[in-house]
Amino acid sequence: MSDARQILETAPGDEADVEHEFGGGVMGYTVGLGLAALLTATAFVLPALNLVWPPSLPIALGVLAIAQMGVHVVFFLHVTTGPDNVNNVLALAFGALIVFLIIGGSVWIMHAMNANMMNPAMHM
Amino acid sequence: MSATAAAHAASHSVARMPSHTGPANKRIVTGYGFWIFLLSDFVIFASLFAAFAVLVHNTNGGPGPHELFDLKSVAVETGALLLSTYACGLASIAAHRRSAIGFYLAMLVTAIFGAVFLGLEINEFYGFIDKGAGPQRSGFLSAFFTLVGCHGLHVSLGMLWLFTMIAQVFAKGFRDDIQRRILCFSLFWHALDIIWVGIFTAVYLYGVYL
Amino acid sequence: MLGKLTWDAIPFDQPIPLAAGAVVALAVLAVLIYITVKGWVPYLWREWITSVDHKRIGVMYVALAILMLMRGFIDAVMMRTQQAVAFRSNGYLPPEHFNQIFSAHGTIMIFFGAMPFMIGLMNFVVPLQLGVRDVAFPTLNSVSFWLTASGALLVNLSLVVGEFSRTGWLPFPPLSEMTYSPGVGVDYYCWALQISGVGTVLTGVNFVTTILKIRAPGMTYMRMPIFCWTALAANLLIVAAFPVLTATLAMLLLDRYLGFHFFTNTGGGNMMMFMNLIWAWGHPEVYILILPAFGVFSCVVPTFSGKPVFGYRSMVMATMAICLIAFMVWLHHFFTMGAGGDVNAIFGTMSAIIAVPTGVKIFNWLFTMYGGRVRFTVPMIWSVAFMITFTVGGLTGVLLAVPPADFMLHNSMFLVAHFHNVIVGGTVFGALAGMTYWFPKAFGFRLHEGWGRWSAYFTIAGFYVVFMPLYVVGLEGMTRRLQHYDVGAWRPWMMVSVFGVLLALVGIVLEIVTIYVSIRDRESLRDEVGDPWDGRTLEWSTASPPPEYNFAVLPHVDHEEYYWRIKQAAARSETLPEEPHYVDIEMPRNSATGFVAAFFATVMGFALIWHIWWMVGVAFVGAYATFVAFAWRDHEEHVIPAETVARNDHARRAARAKALKAYSPR
């Protein structure tokens, strides 16, 4: 509505100031594409190369995935930690917490049940 | 005005800075609303991920991830979707500059790569069903087909939306409300790629290597 | 051509549902004919059905909720009378019918009674309290309402066409799988909830956006009334929890329709995964129901105590703490599953912890009353009854949160008594308090005090007489959902309980009488000024009923108790604030999108339940076309000229100025 507000808030997906950036934002998307491609390629190639100690592989892949999600959020969705983005980031953090609770909680609970109740599926 | 009074006024205005100036403009409201909607969509996927993680070992004597997944095809799918997302970003820049030709072209590229992705996925599903590894085979395959299929369904509905968006720009031009919908569409399309990152890691890579 | 649908779907051999269905169908038909003959259809279409005004939508939500609460109450009467007579006999309800009744009772009460009531109150109140003209997405709001109504219609349709689910208010597998429930009952349940669930998620999106992005100038977070805070928390929970329900029911539907193996007991399914997921939604759901009620009490208690709410900040913190912890306790609904001592201990501890912020709130309300000039009006009677009843319910809840105790009480009548104690004592009392409190704002006249008082007394007494005996039989080992029993010790308690139903019935009849009498005597109950209770929040600053645009000029809020302060200042100086400068106001145009989309959703749901695949396709195309048609509109808004705004506001100011003389400032 007012100009002061305009500065303080950005819609998710909008860049704070597209006009003043070199290439009108094409640069941002291209950098994002490059980083994402690099991370994806690493994730696909890494297990085959035997560069990583095998038991730590899931953690390495998880870190790569989270890093790539971060790249997408920043370069494609333009959700950043800037002051104009507080609400957007808070909403994202809330969502991430819920996703973590649901997946983590379910896996933990069901694993504990399978272990205690001797679910035949676990012994196949 | 005396110096102290001016200083007082200045400090006052600084203190007032974060205070609230009234309802936000429509673009912020629409974008934020859609952002919240997307978070609820993420939670749907979280439930499906949870189901997959719990059921992944329940192969019921049927084929498991090792026997089924072909990482090469998944890598190509991933690339297609990534390029599609990039093209979608270019489309929103074209919309911002009100370049209709640029917008149509970029959206078309988005759609083509989206179609490539969907084609590969459908091909993969057919291959599994052909091998007798359909979703009815085991709990693992039910969860796999539902999680990946739900993402595919989102991409398909996104394609329907994409062409509706092209038609809207063609019929109405870059009106403010159309611009807001383009913003929502691009959020949607980028979000689908984020979910795909989760899928190719947690379903395919974990499935094959763990 | 018509899938599974044949004449066998109509229960000609079961007189009770057939007669009930026929009576309802005839009543609906009679109402429709009456409306048409009176020529009210254009008015209803223009002013209500296509309305995108949050106040109208709120009123429609509450009307739907009251209708459904009564429908659910009829089920409750049947259950209590059945258990009163079914001692060493079969009673009058055969098992398959009894099972449908308790399933329908829970489903209707939670999804189409309690939830729409709360969402209706939020719809009506939140934009007014935030000092703005409407919600963030007015047309979407209408879509939400009509999708909810569509779900309610499908559930009630199952009474006549086919059958309803027999698996309880949550369709636990494997009982709800095709093998054990081959009928359409579970499908009715699932599709009705999928459709209304979409509506609920859209409501959540709408209100989170409204509260975070659409507030009057100066209305910072820490100046929002508590009701807005609880509405924000409840809607965040909706956005985060309802997708889990959607996904879980989708998995169950895939099992039923396409032979998947999510929750089956063969083929590598895991039925306990359903318990896990459904309660990951189910526990936040109870806070979705109770938080808005907390908000209502946080408005009612300060107003009728003549004091600001005690401990505003602690109230906000408690609300948001509940919002987060609500997602960390879901396992306490299935301690007996066998997840082990460590898992049970952690979730038991979290369940005890979540009682703390709730306790903070109870003390805050008590301290708000302490030292205040308390007026025991009807909303206040409900509030005090709530504080006592909810504390009892909360304490039995903490008892159930102790895993070893839960192993004894799981699925017993003690549990039934506990959750009715919190849902009726919390949500329903809150809903009725809110309805009585905001009724004059919605319609311009108060509800009759005397009749309302007796209605409250009877309902509250009825509640205690019905449910306290259930705690006892629960401790004596009676499990829930028994169609008949042969333990003599339970019998007397069941008879006491059924007497309580009679008391509650009197309470409900008196509530209807209250509404009737109030409409009849509306001239003497008229609220001319717009502030009948000497309120403290912004909704009382505008006229009753408020104009379409709520406020002639958006207020500039500069304090937590902004309206209270300008009211006191005006009373002291005996002059109203300066007349503002009126400008044209743009308001969103009415839209049939919600109604038409819900029509197609209903058709699609019905077609999916009966496997009429071509009809599913037609309905999908119809729904898509509706949204495209909406997107193709060129004029979204209509303008209310400044002269009209000024004329309305002059009338309001004249009434205020007259009332100012009689008002003694505090």
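The values are calculated or read from the model by the stated rules, or taken from the named source; none is laboratory data. From a predicted model like this one, the values you see are computed outputs, not experimental measurements. Using ideal geometry, Cβ is built from the backbone for each residue, glycine included, and neighbour counts are taken over all protein chains shown. To get the accessible areas, we keep the full protein, side chains included, count just its heavy atoms, and leave off ligands, DNA and RNA. Shrake-Rupley method; radii C 1.70, N 1.55, O 1.52, S 1.80 Å.
Some points to look at:
- Cα pair distances in segment C:70-220, grouped into 10 Å bins until the bin that holds the longest one, percent each: 11, 33, 27, 17, 10, 3, 0
- Projected label points at C:Met178 and C:Arg647, each 7 Å from Cα along the beta carbon direction, are separated by 6.4 nanometres.
- Kyte-Doolittle mean at least -1.0 and Cα axial length at least 30 Å: DSSP H helices in chain B: B:26-55, B:71-96, B:100-130, B:139-172, B:176-199
- 1.4 Å probe, heavy atoms, protein only - residues of segment A:26-64 losing at least 50 Å² accessible area vs chain alone: A:Tyr29, A:Leu33, A:Phe44, A:Pro58, A:Leu61
- Accessible area per residue for chain C is 37 Å², calculated with a 1.4 Å probe on protein heavy atoms, without ligands, DNA or RNA.
- Surface share of carbon and sulfur [accessible, 1.4 angstrom probe, percent] for chain C: 71
- Buried solvent-accessible surface, both chains (C, A), 1.4 Å probe, Å² to nearest 100: 1900
- Chain pair B, C: total accessible area buried, heavy atoms, 1.4 Å probe, Å²: 3500
- Between A:Leu97 and C:Ala345, the FRET efficiency from the beta-carbon distance, with R0 = 22 Å, is close to 0.50.
- Apportionment of accessible area to carbon and sulfur, chain B, percent (1.4 Å): 69
- Cα pair distances of segment B:24-209 binned at 5 Å [whole percent]: 1, 8, 16, 19, 17, 13, 10, 7, 5, 3, 1, 0
- Ordered from longest to shortest, the equivalent ellipsoid semi-axes for segment C:1-269 are 35, 24, 18 Å, each the square root of 5 times a Cα gyration tensor eigenvalue.
- Within segment A:97-113, the residues that become at least 50 Å² less accessible when every protein chain is included than when their own chain is isolated (1.4 Å probe; DNA, RNA and ligands ignored) are A:Ile98, A:Leu101, A:Ile102, A:Ile103, A:Ser106, A:Trp108, A:Ile109, A:Met110, A:Met113.
- Threshold 20 Å², segment C:594-634 residues less accessible with all protein chains present than alone (1.4 Å probe): C:Phe620, C:Tyr624, C:Ala631, C:Trp632, C:Asp634
- Residue (of A:Asn116, C:Ile519, C:Ala631) at the positive-pole extreme of the protein assembly as shown, dipole from beta-carbon charges: C:Ile519
- Rounded to whole Hz, the Karplus (6.51, -1.76, 1.60) HN-Hα couplings of segment C:85-95, x for glycine and proline: 9, 7, 8, 6, 8, 8, x, 10, 10, x, x
- For the protein assembly as shown, the alpha carbon convex hull comes to 189 Å³ per residue, rounded to a whole number.
- Mean separation of Cα contacts under 8 Å, 6 or more apart, over the residue count of segment A:17-77: relative contact order %: 49
- Simple rule: put +1 on each Lys or Arg Cβ and -1 on each Asp or Glu Cβ in the protein assembly as shown, find the dipole, and look at C:Val553, B:Leu90, C:Ser664; the Cα lying farthest toward the positive end is C:Ser664.
- Cα long-axis angle, helix C:449-475 against chain C (0 to 90 degrees, to the nearest 10): 30
- Calculated Rg and Dmax of segment A:32-100 using C-alpha coordinates, Å: 14.6, 44
- The contact between chain B and chain A removes approximately 4500 Å² from the accessible area (both sides summed; 1.4 Å probe; ligands, DNA and RNA excluded).
- Sequence-distant contacts, meaning Cα pairs under 8 Å at least 6 residues apart, place the relative contact order of chain C at 17 percent.
- Derived scalar couplings between HN and Hα for segment C:38-47 equal 6, x, 8, 4, x, 4, 4, 4, 6, 8 Hz in order, rounded to whole Hz, by the Karplus curve 6.51 cos²θ - 1.76 cosθ + 1.60 (θ = phi - 60°), x for Gly and Pro.
- Surface composition of segment A:17-77: carbon plus sulfur atoms contribute 79% of the solvent-accessible area (1.4 Å probe, protein chains only, all chains present).
- Length gained on full extension, C:Leu29 to C:Leu258: 78.7 nm, using 0.36 nm per residue less the C-alpha separation.
- Extension gain (nm, one decimal) between C:Asp13 and C:Ala355, 0.36 nm per residue minus Cα-Cα: 118.2 nm
- Rounded accessible area per residue of segment B:108-185, 1.4 Å, Å²: 38
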